[in-house]
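Novice: Attaching a single structure in structure tokens format; questions to follow.
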Amino acid sequence: MKYIQNNRKEESWVLRNIIALIITGFVVGVTILIAVYLLFVAKDPNLDFIGKSLLPLWGTWIGTVLAFYFGKANFEAASKSYQDVIRTLTPDEKIAQLPVKDIMIPFEKIESLAYEVDKDVSISNILNYVRFNKYNRFAVFENKNIFKYMIHRSTFYQFIAQKVDENLSNVEIKKLTLLNLIEGGNNDIKGMLLKGYNFISIKANLLDAKNAIEAMTECQDVFVTESGKSTEPVLGLITNNIIMEKAKI
């Protein structure tokens, strides 16, 4: 496949050479013929026509051809050089060039729970929300897009198991709410509510996001705020999967 692509590039280059030479040769040839005719054949030679009209016209045509010809070549050379440089960069060097604001998932596209609305919804219903079918993490936000909790699907199951051990009936377990988990979870569950996330500034790059994830135990998500403070409205989200994908490019 690479051999075929290289052949096509060579054929394109040769074709451009031929076209440029033909047009340039034609322009020069026609100019010479007209000049000879006006100087030696015409009864009333008009040298002003050659100097003021014909030569500037042909010059413009030749300039256009040459500009395309060499401009295209310079662009391809610069593009190839850039690609060569990119291939030599390490994954960290690559993602350090990517601004978080261009990569993040915008807040409005983050699947989340609204604390004031969902705190009294049963855990059973929350786990059955269709929009969370492909996710194992539930971000919870307060009013004005302020982050509050990150709850893993496994944490919900752990809380239910805790209540089974406490001999709650199936009817009572089905009534357990998000607020019950937050206020009544054991120490392990309360610890899990404080893990799995970090914060960075909107001015950061993707390497900063990677470092923020690695700085926290079990961290898989980085929330983007204006200056990287947890008390500010969330602007976007960077996941560990996004970082791994971009590092491979």
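What follows draws every value from the coordinates through simple rules; no lab data is involved. Not measured: the values here are computed from a predicted model. No Cβ is skipped: glycine too gets one built from the backbone with ideal geometry, and neighbour counts run over all protein chains shown.
Novice: If you average the C-alpha positions of segment 207-249 and of segment 120-183 separately, how far apart do those two centres end up, in angstrom?
Specialist: Each part's Cα centre sits 24 Å from the other's.
Novice: If I stretch the segment between Ile32 and Thr64 completely, what's the gain in nm (0.36 nm per residue apart, minus their alpha carbon distance), one decimal?
Specialist: On the way: separation 32, 0.36 × 32 = 11.52 nm, distance 1.98 nm.
Full extension of this stretch gives 9.5 nm more.
Novice: GluC sites (Glu not before Pro) within segment 138-181: which are DSSP loop residues with at most 15 other Cβ atoms inside 10 Å?
Specialist: On the way: sites: Glu142, Glu166, Glu172; in loops: Glu142, Glu166.
Qualifying residues, ordered by number: Glu142, Glu166.
Novice: Name the shape class, rounded, prolate or oblate, that the alpha-carbon gyration tensor gives for segment 95-248, where a ≥ b ≥ c are the square roots of its eigenvalues, rounded holds for a/c under 1.5, and otherwise prolate holds if a/b is larger than b/c and oblate otherwise. Please list the in-between numbers first.
Specialist: On the way: a/c = 2.29, a/b = 2.04, b/c = 1.12.
It is prolate, given that a/c is not under 1.5 and a/b is the larger ratio.
Novice: With a cut-off of at most 13 other beta carbons within 10 Å, and DSSP calling the residue loop, which trypsin sites (Lys or Arg not before Pro) in segment 127-222 qualify? Please list them.
Specialist: On the way: sites: Arg131, Lys134, Arg137, Lys144, Lys148, Arg153, Lys163, Lys174, Lys175, Lys190, Lys195, Lys203, Lys210; in loops: Lys134, Lys175, Lys195, Lys203.
Taking segment 127-222 and a limit of 13 other Cβ atoms within 10 Å, the loop trypsin sites (Lys or Arg not before Pro) found are Lys134, Lys175, Lys203.
Novice: Got the relative contact order for segment 95-248 handy, in percent, Cα pairs under 8 Å and 6 or more residues apart?
Specialist: Once normalised by length, the contact order is 30 percent.
Novice: Within segment 135-169, find all residues whose amide N lies under 14 Å from a label point positioned 7 Å from the Cα of Glu111 along Cα-to-beta-carbon.
Specialist: Inside the label zone: 135-140, 151-154.
Novice: Could you work out the relative contact order of segment 147-209? I mean the mean sequence separation of Cα pairs under 8 Å and 6+ apart, divided by the number of residues, in percent. Provide the component values of the computation, followed by the final result.
Specialist: Details: 24 pairs, mean separation 29.6, N = 63.
Relative contact order comes out at 47 percent.
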